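Trainee: Starting off with a structure, shown below.
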Amino acid sequence: MDAQLTSPQPFLDRLNNVLENNYHDESFGVSELAKQVAISRSQLHRKLKAQKGITASQFIMVFRLHKAYELLISSESTVSEVAYAVGFGSPSYFTRCFQQHYNFSPIELKQKSKKEIHNTFEQPINRDRWSKWNWFQNNQIISNYLHLGQYRVRNFSILILILLAMIVGVAYNFYGNSTEQRMSSIAILPIEVESTTLDEAILSQGIQQGLSSSLGRINGLNVLAGLTTSKYKDSKKTKDKILQELKVDFLVSGRVKYSDKDSIIMNLTLYKLGASDYGVQTLNYSTSIENILNIQNEAANGIGLSTGLLKSSEHSQLLANGRKVNKDAYKNYIRGMYYLHKSSQKDFDKGIQFLYKALDDDPAEPLIYAGLAYGHVILGHSAAENSNVFGIAKMAAKQAIQLDPSLLEAYASLASIAIYHDRNWKEAEELFKYVLSKNPSMANVHYDYAWYLFLIGEKEEALYHQEMAERLDPLNTKYMGWTGWMNAYYGNYDQAMDKVETIWRIVPEHSLALLTKGLTFKLQNNLENALDSYKRLYEKSPKHAASFGGLCAEMGEFEKANEIIEEVKNWPKSPWKNWTLAYLYASLNNVDEAIMMLNTEPKHAYVAWVNVMPGFDRIKHHEKFKSFVSSLNIPNSKTNF
């Protein structure tokens, strides 16, 4: 062991000294810190975990936030100027991190005296619902206001004014003057269904997703997605245990009885940690299935009121979104959405067919058009032939919005179409923000927004939204895998490998885990292990030929790379085939063939990302490649359209 690293404090002192000289440099991260103290990234990660209980990246983050705190109270710099000065590339991301760490925003800090909050720097975030009131008490702000420092209040009228100001200030602080308030969270367990005429799994998922959508409109509430909660189907675990495992504040379970006469009886129970033996609230409904949307909204309203999260202004708005549905159309709609969420192409095709059957039942039902838009956006990402799928998706989304302007799922599809096909970057940005402002619990929207932010170079925000997608659906291996991949791309190798291990505990040898592991090894110049990971990926899933063949080319195994190219040429015609060939040709430094392949499918979902994908690094200096990328008109920031 390095003798210099045996004592914890000298080691931390060395880290702080290095950061003192480099914290202002946005590009200075874990790799640079490890190099300067002459240990590996993994050693640095382990030592900090052991001594501070945090990762290396968190250690750097806290150091920068400490510096920002000092600048905010000692200088006239704006919040944006401070953010850039301490090494943040995005003021909005800086504000979010600051708020989460200190439980108040940078603006609030600048508005208060240093004396009022001198004890808060090392204070952990208080997760109690009354944390903002506690923060006022713990820091003696009331006392400070009354005494106004060294001056005593002598005039009674002034005292009254100050007390009134305090009440307003406390209310403002408690109810929130920032979008970065601590969110409460809720999970909906799989609904238990009794039915002889409608598939129980289909009705269960349909009601669960509808209820999630309604609950997601309540401000201050994150709703965990169904893929994660589906793991608890028929679980014998106590509700407290599930609450603890999912790390949520509330839990909803439900039973539904559906008859052949289309009547439905629904019983829902709301649970809270520590008070879950009998439930906090029960909600019971009995009606026809044509009122299912009204029931979902009423249930969300009841849950919102029981949790204390629903404001009076939102009460009527939530109920206003209800309406009756055509019974047959609704049943075919939930059948369609059920199969769209399956993994096989056969099931996906079945889902699309059910949605078109639903359209025959009721050509004026907006949910069906939103479902068709969603399905065709997914098809646009697949390896199958998918001519004009984005055009169909766009028409369906617009029709859904025309029929129901409040249908956020349709706006979400338009946002995806804007980035993956239309390249309308400004519209995409506006749509993503709009949807997430109305329902921040839409994990798939965070996921797509993360890829847009990744494309335009917004590192911190890309990671934030990718991690938010995973937080809202924590057992979704797709989100988990791409969080790992994105961390690997940005040099956060420990975090990337942590995701690989987590995924493999759920699904051994998962494709995205192999992809992430391969990229992690490759970027660390551990090419043999990278090649092994990519080879296993290729053998498991041949559609990932680009990763394996591309690395073969980079390592000089040209014969193998060309052999893979010939195999890909025999694939059925599809945009994915041409994208894969472009990747392989780029790895061989064959810029002409690569550009030709890209030009055959310039509107394919992945094409815009050629400028950031490592597989195209070998040709990025060529003028032809630069010209192609320039034609995409990709902004280099959110404000540069």
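The values are calculated or read from the model by the stated rules, or taken from the named source; none is laboratory data. Note that this is a predicted model, so its numbers are computed, not measured. Here the Cβ positions follow ideal geometry from the backbone for every residue, glycine too, while neighbour counts run over all protein chains shown. Ligands, DNA and RNA are excluded from the accessible area calculation, which covers all protein heavy atoms including side chains. Shrake-Rupley method; radii C 1.70, N 1.55, O 1.52, S 1.80 Å.
Trainee: Quick one: order Asp404, Asp360 from most to least accessible surface, probe 1.4 Å. Walk me through the numbers before you get to the answer.
Mentor: Working: Asp404 25, Asp360 130 Å².
Highest to lowest solvent-accessible surface, that is Asp360, Asp404.
Trainee: Let me ask something else about it. When only the heavy atoms of the protein chains count and the probe is 1.4 Å, how do Arg46, Arg96, Arg323 rank by accessible area, highest first?
Mentor: Numbers: Arg46 140, Arg96 25, Arg323 65 Å².
Greatest to least solvent exposure: Arg46, Arg323, Arg96.
Trainee: Give me the 1.4 Å probe accessible area per residue for the range 561-641, excluding ligands and nucleic acids, in Å². Walk me through the numbers on the way to the answer.
Mentor: Numbers: 3800 Å² over 81 residues.
For the range 561-641, the solvent-accessible area averages 47 Å² per residue.
Trainee: Also, quick follow-up: Just to confirm a number: summing +1 for Lys and Arg and -1 for Asp and Glu over residues other than Ala513 whose beta-carbon lies under 13 angstrom from that of Ala513, what do you get?
Mentor: Numbers: positive: Lys478, Lys499, Arg505, Lys517, Arg536, Lys540; negative: Asp498, Glu501, Glu509.
Net of charged neighbours comes to +3.
Trainee: In whole angstrom, how far apart do the alpha carbon centroids of the range 65-100 and the range 576-617 sit?
Mentor: When both Cα centres are located, 39 Å separates them.
Trainee: Reachable lysines from Lys35, Cα under 25 Å, same-chain residues fewer than 8 places away excluded?
Mentor: Partners found: Lys47, Lys49, Lys52, Lys67, Lys459, Lys499, Lys517, Lys522.
Trainee: Largest first, how would Glu557, Glu458 line up by accessible area (1.4 Å probe)? Could the numbers behind the result be given before it?
Mentor: On the way: Glu557 80, Glu458 30 Å².
Sorted by accessible area, descending: Glu557, Glu458.
Trainee: For the range 233-311, with all protein chains present and a 1.4 Å probe, just round the carbon and sulfur fraction of the accessible area to a whole percent. Mind showing how you got there, number by number?
Mentor: Numbers: 1840 of 4070 Å².
Carbon plus sulfur share of accessible area: 45 percent.
Trainee: So what's the range 381-469 giving for Cα Rg divided by 2.2 N^0.38 Å, two decimals?
Mentor: On the way: Rg = 13.0 Å, N = 89, 2.2 N^0.38 = 12.1 Å.
With N residues counted in the range 381-469, Rg over 2.2 N^0.38 Å equals 1.07.
Trainee: Can you check what the net charge comes to around Gly391, using other residues whose Cβ is under 13 Å from the Cβ of Gly391 (Lys, Arg +1; Asp, Glu -1)? Intermediate results must be reported in sequence, preceding the final value.
Mentor: Numbers: positive: Lys394, Lys398, Lys603; negative: Asp422.
Net charge in that neighbourhood comes out at +2.
Trainee: Taking Cα pairs under 8 Å and at least six residues apart, what relative contact order does the range 44-104 come out at, in percent?
Mentor: Working: 33 pairs, mean separation 11.3, N = 61.
That works out to 18 percent.
Trainee: Moving on to the next point. Work out how much length Asp13 to Gln51 would gain on full extension: take 0.36 nm times their residue separation and subtract the Cα-Cα distance, in nm to one decimal. Spell out each step's value before the answer.
Mentor: Numbers: separation 38, 0.36 × 38 = 13.68 nm, distance 1.25 nm.
In short, 12.4 nm is gained.
Trainee: Considering Cα pairs under 8 angstrom that are at least six residues apart, work out the relative contact order of the range 182-237 and quote it in whole percent. Display every interim value, and only then the final one.
Mentor: Details: 60 pairs, mean separation 27.4, N = 56.
After rounding, I find 49 percent.
Trainee: Only Cα pairs under 8 Å and at least 6 apart count here; give the relative contact order of the range 554-599 as a rounded whole percent.
Mentor: 32 percent
Trainee: Within 10 Å, count the other beta carbons around each residue, average over each peptide in 223-233, 512-522, 569-579, and list them highest first. It would help to have the intermediate numbers written out before the result.
Mentor: On the way: 223-233: 19.9, 512-522: 25.2, 569-579: 16.3.
In decreasing order of mean packing, 223-233, 512-522, 569-579 become 512-522, 223-233, 569-579.
Trainee: Ignoring ligands, DNA and RNA, what percent of the accessible area of the range 522-563 is carbon or sulfur (1.4 Å)? Provide the component values of the computation, followed by the final result.
Mentor: Values: 920 of 2150 Å².
Roughly 43 percent, rounded to a whole number.
Trainee: Here is a follow-up. Quantify, in whole percent, the carbon and sulfur part of the accessible surface of the range 387-480 (1.4 Å probe; protein heavy atoms only). All intermediate terms of the calculation are to be shown ahead of the outcome.
Mentor: Details: 1610 of 3140 Å².
Within the range 387-480, the accessible surface is 51 percent carbon and sulfur.
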